[in-house]
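See below for the structure under consideration.
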Amino acid sequence: MSNKTHCSHCGSDAEPLVIRRGSVRTQIILWFMLVLPGFFYSMWRESTKRTVCSVCGSEDVAAVCPLEERHRFVHHH
C-alpha cells in the first residue's frame, strides 16, 4: 500500500518525511544520564512530530487516495 502524499506547495506526489524537533543524540544522552529527563525529552520530541514533503519540505501535504492515484495512472498512460 502506498503512503504517498500530495504537496500543495510544489505539486509532487511522493513518500512524505516525518520530522521531529530536537536531536536523537541529546535524547540518548539524557536517557543514559537520568531516566526522567530522557522520558520528558522523548515525549516532547514525539509531540513535535510532523509530516513534510520530501521534495520541498513544506508541511502543506495531504494523503493521496489510492483510487485517485489509480485513476490518474489509467487516464494518463
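Laboratory data are not the source of any read-out in this text; all were calculated from the coordinates shown. Because the structure is a prediction, the values reported are computed rather than measured. Here Cβ is always computed from backbone atoms with ideal geometry, including for glycine, and neighbour counts include all displayed protein chains.
Sequence-distant or interchain residues sharing an amide H contact under 5 Å with Ser54, placed H: which?
Leu17
Ranking Lys49, Lys4 by Cβ neighbours within 10 Å, fewest first, what do you get?
Lys49, Lys4
Round to the nearest 0.05 the FRET efficiency obtained for Thr51 and Ser23 when R0 = 22 Å and r is the Cβ-Cβ distance.
Step by step, r from the Cβ atoms, then E = 0.70.
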